[in-house]
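Data block below; observations after.
The values are calculated or read from the model by the stated rules, or taken from the named source; none is laboratory data. Everything quoted here is computed from the prediction, not taken from an experiment. For neighbour counting, all protein chains shown are included, and Cβ atoms are generated from backbone atoms with ideal geometry for every residue, glycine included.
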Amino acid sequence: MWMDTKTEAEEARRKHASLSQRVLNSLLSCTGDMVHLDKYMDDKWFVLQLAVWGLRGVARVILANNPLCGALILAALYWASPWQGLLGTLGVLTSTLTAVIMGQDSAEVSAGLHGFNGMLVSLLMGVFSSAGDWYWWLLLPVCLGSATCVFLFSGLAPVLDRWDLPVAVFPFNIIIVLYLLCTGHDNPYFPHHNAIPPGALEPNGTELIAVEVLRGIPLGVGQIFACGALGPSILILGAVVLYSPLLAVHAVLGSAVGTLAGLSVAVRHDSLYTGLSGFNGALGCMAVGGLFFTFSWRTHLYAIASAFLSAYSDIALRNLLGTVGLPACSWAATLTATLMLLLNGSLAAYRIPIGQVRAPEDNLRSRSQWEAGNTADRESTDV
Amino acid sequence: MWMDTKTEAEEARRKHASLSQRVLNSLLSCTGDMVHLDKYMDDKWFVLQLAVWGLRGVARVILANNPLCGALILAALYWASPWQGLLGTLGVLTSTLTAVIMGQDSAEVSAGLHGFNGMLVSLLMGVFSSAGDWYWWLLLPVCLGSATCVFLFSGLAPVLDRWDLPVAVFPFNIIIVLYLLCTGHDNPYFPHHNAIPPGALEPNGTELIAVEVLRGIPLGVGQIFACGALGPSILILGAVVLYSPLLAVHAVLGSAVGTLAGLSVAVRHDSLYTGLSGFNGALGCMAVGGLFFTFSWRTHLYAIASAFLSAYSDIALRNLLGTVGLPACSWAATLTATLMLLLNGSLAAYRIPIGQVRAPEDNLRSRSQWEAGNTADRESTDV
Amino acid sequence: MWMDTKTEAEEARRKHASLSQRVLNSLLSCTGDMVHLDKYMDDKWFVLQLAVWGLRGVARVILANNPLCGALILAALYWASPWQGLLGTLGVLTSTLTAVIMGQDSAEVSAGLHGFNGMLVSLLMGVFSSAGDWYWWLLLPVCLGSATCVFLFSGLAPVLDRWDLPVAVFPFNIIIVLYLLCTGHDNPYFPHHNAIPPGALEPNGTELIAVEVLRGIPLGVGQIFACGALGPSILILGAVVLYSPLLAVHAVLGSAVGTLAGLSVAVRHDSLYTGLSGFNGALGCMAVGGLFFTFSWRTHLYAIASAFLSAYSDIALRNLLGTVGLPACSWAATLTATLMLLLNGSLAAYRIPIGQVRAPEDNLRSRSQWEAGNTADRESTDV
């Protein structure tokens, strides 16, 4: 009896263990780049494939590459504003479809590389439009702008490829600036708000509220998707944690650095409260800390430097472009990340070739495997 | 007798036929790139050679490469304004001569590649000058500006050559912007008009006149030479027809697309009436539709996309540069055409290497010959 | 006796001759690049090495590469304003140290290539600051800005290297513009003066004073270090003479050309008097006349053309950037020199590869040696 009870308990424990193992495994399989999904999707319907490509595109905006993470972000956007969610969905689908029609490389399309620029263009068109939500005419420039992103992506790729640089969000930044310049502030069909430079004088000398500044840090992560609500911003951050906790840490760190940079040159309080000061820092920090470079304490320091550089450049560019009412979008972070990728010296040793970039944790693992292999190799040669 | 009459009639007919054949042949030999002229000119006087190089340069402005076409265009410019015609002639000759003195590649010089930027700089300097016609001091900056174009052409060539891109009118666009910035609006020696951005408010809410808008379409072709009169514009279009009817169709189509783009964002009526909204569209459409790409229905669609992109970018750039009183010249079309040449995907298959670009009709012929050759080759290999 | 006196006199003469020979030799060894110093410094203390690297960096600003020349210039700066001298010293040391920490190429560091951008950023931050001298908080952006120059230098190098171009002062120009944009005119922590465009109207119609204009020519050489006093400017010019008399001649010539260009478009008198119109011309002239190209009458003509182009571009850029209160720094000269290095045709034959650039006199000598070697080679081959 005693034996029996023991074995039964063991069996139950084993069952439980295998269940929790299975749950953990299936959970783990949802993190990182989810490469296994690609093989599974190969023979599925086109609509389903397109959905996965689109969700990857949504996640790509925040440097992740995971459809589940994309779905969470999309949910956050619909939560913040259904109209913005709709625009984003339309943008990512239009540009992915345009890429398919234009015969772009299918590996690029299925990795979501042709979706994220279109999504950002659509979201920003919606945010800057002063015609209010559900202004259906806006879908016209949204579709056109998203489609044009594919042209710019495809055209910039061979130029940047010479130095093994990613196209990143250059197309989005160019298209949104051109769109806002094209229509102007008081356009009869597509009116939009003017961006206010962060160096502009405050209307009245108000005191800085510390809590609001701290609230701006998670909002800085949400502002990458032009989302200014706290709940959805935290959900977006959660989506990044799902993809890679290391990336999420750098996102928050970068946003904090950006806020600090903003404080140091006394930007408008609004800019701090809404998280607009933080999001370029977050992007600059994420790109260097673990994504394009293997994580180590050295790349971590460079990531902080990159965050500061992004944040200060962003303030400078917003002051410059603000003189003609334009936003600086993510020009600063994109240029800074590109600069960091070009650096030689001690940082270059950690550089991961663009084609082999995975989630930070995977990068770290493949590096240590590669180094172990190298050592083993050397040992076997020695013998 | 009956036989005799018949043979006589036949003879007359044959004579007539051979005459019309000869006329047709000599007419046909005036179309396209007139490559045969180069051999004929080899041992002629330098002045005569320079004239042909200059005329090729004049035609190059509108993407043609035919001295006769250049002569027609020059006539149109003298018709529109003798002063502008003189400035254009001086510009094209100065920059071609500078290229000879600076030891530039003789094949480039004789193809007129060093003339068109100088010509455009001179014409635009004349148009923007507010000192009136026959202000002889203007010849000084005209000569200096035209000569500087050769420096920029020669310096930009190795950079753009890495991606097999043409230098196009980048030198002109840079020089004219620098000149206008250098002298400023109220310069005591070289005063000039400020450009008005197309998004500026109308003085009073006037109705749009449809006929004037339609008139703006052929004017858009003339505006490539900064010519705003209808007669000369049509003569310029005629010169393009002489070089290549396909190119002329795309010019008109592009100008129409540009006007449509202008209407869609409600630009100032003036901008539509004068053809200023159309000329960037025309250039963008011509570059893609047949010139740098073999003509097909697919390149035709891309040409229309290129026209739209050029036209919208032009409005955006004019709104931006207009805030400091500068014109956007042909920046938009030049950048768009460069982007199109960089595209990969389905358009890249039609790309013609820059060194082999001829008139669209010749491009089409050499492609089909090449393909026929390829097929024959494959067949012979199969056997 | 007679013999004795003669030999004694001869001995004395010989002694005197050998002394003067030695003095001359040691004087000559202080001109040019002082390459022999590098070997001598190899096993010295780091602080001493750093000092030499820093002094080379100071001289690099004016295209010289000689620590003694750097010491003279630093003395001139301390003479003009001790605060500016301190900022310059701090800037050059910070950026050189940052380069060491970041693991940049040691040959580059010891050649002073990582010092001059940091120095210029510091000097300009000091000049534009409106908080007055000895405002210690300024050391914060000075250190940060100088350190960032190393990032930009290291990042731009691989891009420009594709065309064998030097990074030159691009990092300085970018950083100072970003800094001024970031802080803005009325920043509470780091306020600064706005730059006045040279095309702005004079406050009242004053007469041009010829002596003041002539005085602006040597001041133009000093303005390369943002120094507006006559004495120090002449000392700086003297330092350039020590490095290479040919370079000094081109500096004065270029400054004169810049002043002439300023006169031709009627810039503000202030701009002429302070030498601000001259310094871009001086830099453009020096780069082409002997430094990056072997000296000859042809490169001399190109140097004058380069000076004119630099000067006119500078006026244009200052008018453009002045609309938002920004200075044009040395953008014009840097861009023009880059353009000149890209030129093909007759100038390209005189081009010296970037890695082999020495003082103009050495360039000339090594070229003639190389040519003599080539001739000897050919002769020996012929035989």
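Every condition in (1) outside any helix (DSSP H, G or I); (2) under 23 Å from B:Asn173 (Cβ atoms) holds for B:Ala303 except the one numbered (1). Here A:Asp33 does not fit the description of being among the acidic types (Asp, Glu) and modelled with pLDDT under 80. The test for being more than 19 Å from C:Ala332 (Cβ to Cβ) and in contact with a strand residue (DSSP E or B) (Cβ under 8 Å, 6 or more places away or on another chain) does not hold for B:Tyr189.
Count of segment A:323-370 residues, restricted to those that are in contact with a His (Cβ under 9 Å, 6 or more places away or on another chain) and part of a loop (DSSP other than H, G, I, E, B), is 1.
Number of residues in segment C:222-237 that are part of a helix (DSSP H, G or I), aliphatic (A, V, I, L, M) and under 15 Å from the mean Cα position of the chain (by Cα) equals 5.
Residue selection: C:Val324 fails the criterion of being surrounded by 24 or more Cβ atoms within 10 Å (Cβ to Cβ), aliphatic (A, V, I, L, M) and modelled with pLDDT under 95. State all residues of segment B:165-183 that are of a type in the set (Phe, Trp, Tyr) and either more than 9 Å from chain C (Cβ to nearest Cβ) or surrounded by fewer than 20 Cβ atoms within 10 Å (Cβ to Cβ) (or both); if no residue qualifies, say none. Listed by number, the residues that qualify are B:Phe170, B:Phe172.
Please find, within segment A:128-138, the residue that is surrounded by the most Cβ atoms within 10 Å (Cβ to Cβ) out of those that are out of contact with any Gly (no Cβ under 9 Å at 6 or more places or on another chain) and among the hydrophobic types (A, V, I, L, M, F, W, C). So, considering only residues that are out of contact with any Gly (no Cβ under 9 Å at 6 or more places or on another chain) and among the hydrophobic types (A, V, I, L, M, F, W, C), the one surrounded by the most Cβ atoms within 10 Å (Cβ to Cβ) is A:Phe128.
As a summary of the residue check, C:Ala9 satisfies the conditions (1) hydrophobic (A, V, I, L, M, F, W, C); (2) at pLDDT below 75; (3) within 28 Å of C:Ile234 (Cα to Cα) except for the one numbered (3). Of the residues making up segment A:84-132, those that are touching a His at 6+ places or on another chain (Cβ under 6 Å) and over 25 Å from B:Trp297 (Cα atoms) number 3.
Taking the criterion of being among the small types (Gly, Ala, Ser) and either in contact with a Cys (Cβ under 8 Å, 6 or more places away or on another chain) or part of a loop (DSSP other than H, G, I, E, B) (or both), the residues of segment A:37-68 that qualify are A:Ala59, A:Ala64.
Output yes when any residue across segment B:194-207 is away from chain C (no Cβ under 14 Å), assigned to a helix (DSSP H, G or I), in contact (Cβ under 8 Å) with a residue 40 or more places away in the chain and among the β-branched types (Val, Ile, Thr), and no when none is. No, segment B:194-207 contains no residue that is away from chain C (no Cβ under 14 Å), assigned to a helix (DSSP H, G or I), in contact (Cβ under 8 Å) with a residue 40 or more places away in the chain and among the β-branched types (Val, Ile, Thr). For A:Leu74, the conditions (1) of a type in the set (A, V, I, L, M); (2) in a helix (DSSP H, G or I); (3) over 12 Å from A:Phe225 (Cα atoms) are fulfilled apart from (3). If you go through segment C:139-198 and keep only what is on the phi > 0 side of the Ramachandran plot and out of contact with any Gly (no Cβ under 6 Å at 6 or more places or on another chain), you end up with C:Asp164, C:Ala168.
None of C:Gly228, C:Gly262 is away from chain A (no Cβ under 14 Å), surrounded by fewer than 19 Cβ atoms within 10 Å (Cβ to Cβ), in contact with a Leu (Cβ under 7 Å, 6 or more places away or on another chain) and not hydrophobic (A, V, I, L, M, F, W, C) except C:Gly228. Among helices (runs of 4 or more DSSP H) entirely within segment B:79-174, having at least 3 residues that are more than 17 Å from the chain's Cα centre (by Cα) and of a type in the set (Val, Ile, Thr) singles out B:82-101, B:139-161. Contact map, segment A:336-355: residues that are over 16 Å from A:Leu63 (Cβ atoms) and more than 11 Å from chain C (Cβ to nearest Cβ) paired with residues that are polar (S, T, N, Q) and outside any helix (DSSP H, G or I), Cβ distance under 8 Å, separation 6+ or inter-chain. Pairs shown: A:Tyr350/A:Thr294; A:Tyr350/A:Ser296.
Does segment B:21-40 contain any residue that is closer than 30 Å to B:Trp136 by Cα and over 16 Å from the mean Cα position of the chain (by Cα)? The answer is no; no qualifying residue exists. Take the conditions (1) over 27 Å from the mean Cα position of the chain (by Cα); (2) part of a helix (DSSP H, G or I); A:Val177 misses just one of them, which is (1). Determine whether C:Thr381 is at pLDDT below 95, more than 22 Å from C:Gly258 (Cα to Cα), out of contact with any Ser or Thr (no Cβ under 7 Å at 6 or more places or on another chain) and surrounded by 15 or more Cβ atoms within 10 Å (Cβ to Cβ). When the stated conditions are applied, C:Thr381 does not pass them. May I ask you to verify whether A:Leu272 is surrounded by fewer than 19 Cβ atoms within 10 Å (Cβ to Cβ), closer than 29 Å to C:Pro191 by Cα and in contact (Cβ under 8 Å) with a residue 24 or more places away in the chain? So A:Leu272 fails the test. Residue-level check: of (1) part of a helix (DSSP H, G or I); (2) without any contact (Cβ under 8 Å) to a residue 40 or more places away in the chain; (3) within 14 Å of chain A (Cβ to nearest Cβ), C:Pro188 misses just (1).
Taken over segment C:106-164, the criterion of being under 13 Å from C:Gly91 (Cα atoms) and within 10 Å of another protein chain (Cβ to nearest Cβ) is satisfied by C:Leu140, C:Pro141, C:Leu144, C:Gly145, C:Ala147, C:Thr148, C:Val150.
When C:Leu242 is tested against the conditions (1) farther than 18 Å from C:Pro67 by Cβ; (2) more than 13 Å from the chain's Cα centre (by Cα), the lone failure is (1).
The single residue among A:Leu140, A:Leu124 that is of a type outside the set (Lys, Arg) and touching a residue at least 24 places away in the same chain (Cβ under 8 Å) turns out to be A:Leu124. Say whether the condition of being touching a residue at least 12 places away in the same chain (Cβ under 8 Å), assigned to a loop (DSSP other than H, G, I, E, B), in the same structural domain as A:Leu139 (by TED's automatic domain parsing) and surrounded by fewer than 17 Cβ atoms within 10 Å (Cβ to Cβ) is met by at least one residue in segment A:208-221. Within segment A:208-221, not a single residue is touching a residue at least 12 places away in the same chain (Cβ under 8 Å), assigned to a loop (DSSP other than H, G, I, E, B), in the same structural domain as A:Leu139 (by TED's automatic domain parsing) and surrounded by fewer than 17 Cβ atoms within 10 Å (Cβ to Cβ).
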